[in-house]
Amino acid sequence: MKQGLTLALTVLLVTGLGSFDANAGRYEVRKEIREGVREVNREKREAAREVLRCKTRKCAKREIREGYREVAREKREARREIRHALHDNRHDRWQNNNDNFLTGVLVGGAIIGAATAIANDNN
């Protein structure tokens with residue numbers, strides 16, 4: 001009974017320690033997505049303002065075309081930044097995977113040793 005509890009606690013602790021790095025990378029990706037959406041919405045508002053300022057039909061057409069172009073440019077830039085953030089996240093996880101595994105094994109071994117010592121001490 002005590003060994004099963006010790007093993008379960010050890011597994012939970014080791015998996016919890018390993019997930020911090022992955023969460024940091026996901027945060028960066030979500031941050032880039034939010035920034036991209038914010039920039040696209042800003043361009044849409046700016047385009048709508050410019051169209052409302054126009055007095056002639058020709059001016060309105062020009063501003064609508066320019067607005068579409070700017071919104072498309074912001075969408076491309078957002079996709080590119082998100083793609084780079086995803087790539088950096090994958091690259092960082094790949095580079096640090098060996099270090100994280102070794103650290104996890106060492107920490108897990110220390111936790112198992114401490115938990116076993118505590119369980120045996122109670123006997």
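Just for the range 80-98: of the residues that are hydrophobic (A, V, I, L, M, F, W, C) and at pLDDT 80 or above, which one is farthest from the chain's Cα centre (by Cα)?
Here the residue is 82.
Given the options 77, 66, name the one that is at pLDDT 85 or above, surrounded by 11 or more Cβ atoms within 10 Å (Cβ to Cβ), closer than 30 Å to residue 46 by Cα and under 26 Å from the mean Cα position of the chain (by Cα).
Just a single option satisfies the conditions, and that option is 77.
Could you tell me whether residue 39 is under 14 Å from the mean Cα position of the chain (by Cα), assigned to a helix (DSSP H, G or I) and of a type in the set (Asp, Glu)?
no
The values are calculated or read from the model by the stated rules, or taken from the named source; none is laboratory data. Everything numeric in this text was worked out from a predicted model, so none of it was measured. Please note: Cβ atoms are built from the backbone with ideal geometry, for glycine as well, and neighbour counts cover all protein chains shown.
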